[in-house]
Amino acid sequence: MRLIQDIKENYKTLSIIGLAKNSGKTETLNYLIHEAKKINLKLGITSTGRDGEKTDLVTETEKPSIYVEEGMIIATGRKTLYLTDAGLELLEDTDITTPMGRIMICRVVQEGEVQIAGPISSKDMEKTIKLMWKYDIDNLFIDGAVDRKTVSSPIITDGCIIAAGAVLSRDVKKVVEKTSHIIECYSLPEIEDEKLIKILKNVDTTAVINKNYEFEKLQVKTGLGNGSKIKNAVNKDSKYIFIDGALTSSLLKNLVDKDGLNYTLVLRDGTKIFTEPYTWNNLKRQGMKIKVLKKIKIAAVTVNPVSPYGYVLRSEDMIKGIKRNTKVKVFDVQTGVEENDN
Amino acid sequence: MIISENTIKSLDFQYILNMIEPYSPYGIKKKKKMRIFKPGEEEDLLEELNKVEFFLKHKKRDEMKSILAHFKEVGESIEKAKKGYVLLTVELFEIKNFLIQVNKLIDAVNADLNSERIKFNFGEIELKKMIELEKSLDPKKDRLNTFYIYDEYSKKLINLRNRKRKLKREMKEEKEKIKEKIKQEYDLNLNLKDEVVISKAEKDLIEKIEEGTYLNFSSENYLNHIYGLKKTEKIHQIESKYDEMKSLEDKEEKRIRKNLSKLVAGSYDSLKWNIETVGKIDLVLAKSEEAKQTESTKPLVVEENTLKIKKGRHLKTEKFLKEKGNQYTPITIELSPGTTCITGANMGGKTVTLKMVGQVMAALVYGLYVPCEKLKAGLRNFIYISTGDEQSVERGLSTFGAEISSLKKVLEIKEGKGLILIDELAGGTNPKEGYAITKTIIEYLNEKDSISIITTHFDKAAEGEDILKLQVSGLSQIDENQLKDELKINPKKGQEIIAKYMDYTLKKVEENEVPKDAIRIAQLMGLQEDIINKAKEIISKTD
């Protein structure tokens with residue numbers, strides 16, 4: 001099945017995320033728009049906004065211009081409307097504010113390039129998505145991002161596409177390793193322990209849960225740098241550690257580096273993991289157990305073999321390497337050739 | 001200033017002001033400049049109160065709130081247009097939406113023209129329909145709130161856009177043709193950027209491409225050559241034609257925007273009027289909402305110098321008590337020019353009563369409904385309160401210093417009908433001198449046009465037949481044994497239990513001695529028995 005057909009059927013809302021700048025996210029989005037046109041799919045598009053200092057769209061190295069087609073619905077900050085060369089009919093003014101002005105809902109009436117700067121917070125993103133569904137669209141794409149501070153878009157969409165680029169490393173093995181690591185994190189198994197799920201519904205801090213399902217809330221807003229504090233609260237009766245926030249390499253080392261303890265780390269979802277693949281794989285071999293509340297569905301991985309730093313990797317090597325570790329569709333949008341073998 | 005920041009703070013009047021929450025940016029601006037009514041402006045105040053009543057009784061209140069919440073700020077765009085600037089599409093969109101919201105608001109207001117409308121100059125809050133401007137911003141006549149420089153604005157525009165579309169189509173067709181040839185000749189597919197990446201290893205293919213006519217070398221890296229589609233003469237022609245059309249379209253759009261901006265500028269006065277009026281409606285509606293929430297009533301404004309409150313409530317105290325499950329006792333009080341003295345038990349609510357009077361009167365001068373069952377009062381030139389707790393650490397003044405310093409300023413106001421509220425004047429200094437100062441000021445203020453209330457614990461400070469003396473009814477009427485029993489069960493809840501049994505109402509008294517309740521209250525509050533006994537001993541000796 002072609003990717004766009006899969007998206008049409010299984011991902012009403014989809015976020016496209018890049019593992020780094022220039023990893024080919026915009027190309028992927030443009031590719032999908034092109035594909036959607038072929039099967040007359042009506043699209044809505046927005047993006048996760050950039051916070052204050054990053055909003056300088058003029059000086060930013062990456063200028064994500066998206067080529068939009070007639071009939072599409074977009075949601076973007078008021079100021080970006082001055083930067084567009086497409087014809088946009090203004091449909092609705094919202095109360096959602098961003099550094100680029102209030103979010104406006106527009107319909108494309110003349111195709112062309114636009115810059116889209118959407119809402120910053122998850123809450124505002126959800127509001128925006130709701131407003132966009134009022135209009136005549138079949139699918140909704142978010143030019144997304146995974147961020148420690150602002151919205152991690154894959155969580156609020158039905159799934160995501162990961163854009164992996166040569167920009168990650170000059171060494172194709174490293175690119176494959178980093179990409180596979182993210183795929184693994186997103187695909188971590190979901191918690192099935194109903195008792196635990198029930199408890200975590202009402203927990204909004206990091207907590208240690210013991211075998212009798214008694215929990216101790218820890219006053220650490222994010223797991224960042226608080227390894228020892230969490231570690232001290234763990235004993236032989238601990239069954240789960242729920243980390244509300246980012247899981248970093250140092251925190252992970254701190255938590256797993258304790259003999260004789262047999263607990264499972266629980267995270268909200270895979271986008272909260274910011275660890276080095278090396279540490280991760282090492283600890284995995286030592287028996288580390290990690291589960292998530294919500295698994296993130298990956299629709300496809302796209303590769304961009306060209307790095308903005310002037311080097312190029314072999315597209316086939318990237319694809320082959322990543323495919324070894326995943327069943328999802330992996331292809332190079334630059335060639336536009338989606339394999340049909342899976 | 002008729003009410004100073006300090007007085008607003010001491011009266012907890014901000015609590016009421018915070019409950020006035022306009023929905024639109026225009027109403028919020030109006031609130032910041034809320035009018036204060038002075039003596040002589042009784043008629044204007046009555047008009048304002050009638051407006052509040054009109055909206056309070058209006059059946060479409062909720063609808064109006066939601067319409068107002070959708071208003072966006074267009075003031076800047078309108079000023080821009082007046083100065084001759086060409087407005088952007090998004091600004092025209094906002095003005096169009098403003099007009100649509102105005103229409104909705106007109107319909108909502110007119111849907112229930114209850115009879116209160118005839119009690120004020122309705123024309124003052126009557127919004128103007130702006131049919132001409134509306135029409136010009138809705139060329140498709142579909143009455144939607146969407147906006148674009150639509151084809152309907154000019155034939156020229158349709159023409160240009162059609163030609164643009166045609167050129168784009170031709171371009172695609174031309175490119176497809178070439179791509180087809182490339183496919184046939186080299187078995188290659190171009191990507192979205194019309195490029196193809198060829199590995200350097202494929203020397204034969206590269207040679208073939210270089211000799212051919214369809215692909216252009218565009219860049220290389222150490223692995224690949226990248227070729228782009230070679231533009232034919234025809235493509236160049238189409239491109240330059242397209243650019244020409246695009247720039248003509250931009251010009252035509254700008255011409256249309258310029259015309260529309262002129263129309264906006266031409267409607268400047270009406271737009272300004274509507275902006276102002278939306279603000280006025282919003283503020284009055286917000287005032288009526290506050291009245292509803294606080295169960296306030298319409299005051300009776302008179303020209304005579306009087307102040308009669310029936311069952312007045314200090315809202316913040318009332319809310320505080322309610323949250324703790326206790327009741328607030330509304331207070332009835334009738335005042336006339338000169339001094340009124342309130343004496344009575346500690347914890348008898350004297351301070352709250354002072355604040356209540358101030359709050360009710362502050363609400364009146366701001367043109368609000370008042371938190372009492374009935375108010376009959378004349379307007380005041382100023383409202384002043386001293387609660388004796390306004391230490392001014394920054395200015396290095398003690399309680400007494402701050403008290404005297406602000407009192408001095410108020411006494412300097414010789415003329416006019418003020419409301420002066422003083423809580424335990426000179427309560428923080430020695431009783432002999434405190435008494436002297438208090439008595440003098442009571443007599444001094446008694447000669448003035450202002451209405452003054454002073455609470456005091458000093459005996460005989462309010463001597464004199466023409467000084468009205470009020471006393472808190474206090475604990476005298478209740479069964480003390482019952483109270484003591486309750487305190488025994490709950491010794492830590494003394495304050496609440498006393499509050500429960502306290503009769504806060506005021507009664508007129510003739511005697512000049514203040515009631516002696518302090519030791520009794522202290523005892524009920526559970527102060528150490530030996531201290532109470534010793535204090536009683538001292539009292540009996542001095543008597």
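Worth a mention:
- Stretch gain in nm, segment B:S115-B:L300, where the contour uses 0.36 nm per residue and the Cα spacing is subtracted: 64.7 nm
- Cα gyration tensor, chain A - rounded (a/c under 1.5), prolate or oblate: prolate
- Phi-based couplings in Hz for the stretch B:158-173 (Karplus 6.51, -1.76, 1.60; Gly and Pro marked x): 4, 4, 5, 5, 4, 5, 4, 4, 4, 5, 4, 4, 4, 4, 4, 4
- Note on the stretch B:91-228: Kirkwood hydrodynamic radius from all Cα pairs is 21.2 Å, rounded to one decimal.
- Given +1 at the Cβ of Lys and Arg, -1 at the Cβ of Asp and Glu and no other charges, the dipole of the stretch B:155-246 around its Cα centre is 1140 debye to the nearest 20.
- Surrounding net charge for B:K439, when Lys and Arg each add one and Asp and Glu each subtract one, Cβ distance under 9 Å: -1
- Axis of helix A:25-38 versus longest Cα principal axis of chain A: the two differ by about 60°, to the nearest ten degrees.
- Residue among A:D244, A:D269, A:D95 with the largest mean-square fluctuation in a Gaussian network model of chain A, springs linking Cα atoms under 10 Å: A:D95
- Note on chain A: helix-only mean residue ellipticity at 222 nm, from DSSP H runs of 4+ residues weighted -39500 (n - 2.57) and normalised by residue number, equals -8000 deg cm²/dmol.
- Within 10 Å of each Cβ in A:85-96, the average number of Cβ atoms from other chains: 4
- Within 10 Å of each Cβ in A:295-307, the average number of Cβ atoms from other chains: 1
- Put in order of Cβ neighbour count within 10 Å, fewest first, the listed residues A:Y213, B:Y23 become A:Y213, B:Y23.
- The stretch B:337-344 - phi-based ³J(HN,Hα) in whole Hz, Karplus 6.51/-1.76/1.60, Gly and Pro as x: x, x, 9, 10, 10, 10, 10, x
- For the stretch B:465-543, diffusion coefficient by Stokes-Einstein and Kirkwood Rh (Cα), 4 °C, 1.567 mPa s, µm²/s: 91 µm²/s
- Share antiparallel - DSSP beta bridges, the protein assembly as shown, percent rounded to 5: 45 percent
- Scaled radius of gyration (Cα, divided by 2.2 N^0.38 Å) that the stretch B:40-93 gives: 1.79
- Prolate/oblate/rounded call for the protein assembly as shown, Cα gyration tensor, a/c under 1.5 rounded: oblate
- Helix B:350-365 axis, angle to chain B major axis (alpha carbon atoms, nearest 10°): 50 degrees
- Highest to lowest packing among B:402-412, B:479-489, B:312-322, scored as the average C-beta count within 10 Å: B:312-322, B:402-412, B:479-489
- Most mobile listed residue (A:M288, A:M318, A:M72) in chain A, GNM with C-alpha springs under 10 Å: A:M288
- Antiparallel DSSP beta bridges within chain B, as percent of all bridges there, nearest 5: 50 percent
- Simple Cβ-charge dipole of the stretch B:297-512, Lys/Arg +1 and Asp/Glu -1, about Cα centre, in debye nearest 20: 800 debye
- Along its three principal directions, the equivalent ellipsoid of the stretch B:297-512 from the Cα gyration tensor extends over semi-axes of 28, 22, 18 Å, largest first.
- Computed over the stretch B:155-246, the ratio Rg/Rh where both radii use C-alpha atoms and Rh is Kirkwood: 1.10
- Hydrodynamic radius of chain B by the Kirkwood approach over all distinct alpha-carbon pairs: 30.2 Å.
- Prolate/oblate/rounded label for the stretch A:120-192 (Cα gyration tensor, a/c 1.5): prolate
- Ranking B:F98, B:I331, A:S315 by Cα position along the charge dipole of the protein assembly as shown, where only Lys, Arg, Asp and Glu carry charges on their C-beta atoms, puts A:S315 farthest toward the positive end.
- Semi-axes of the equivalent ellipsoid for the stretch A:152-206, Cα gyration tensor, largest first, Å: 32, 13, 10
- Ellipticity estimate at 222 nm from DSSP helix runs (n ≥ 4, -39,500 (n - 2.57)) divided over chain B, nearest 500: -16500 deg cm²/dmol
- For chain A, the longest principal axis of the alpha carbon atoms and the long axis of helix A:122-133 meet at an angle near 40°.
Coordinate-derived values only; no laboratory data. Since the structure is predicted, the reported quantities are computational estimates derived from the model, not experimental observations. When we count neighbours, we look across all protein chains shown, and the Cβ atoms used for this are built from the backbone with ideal geometry, even at glycine.
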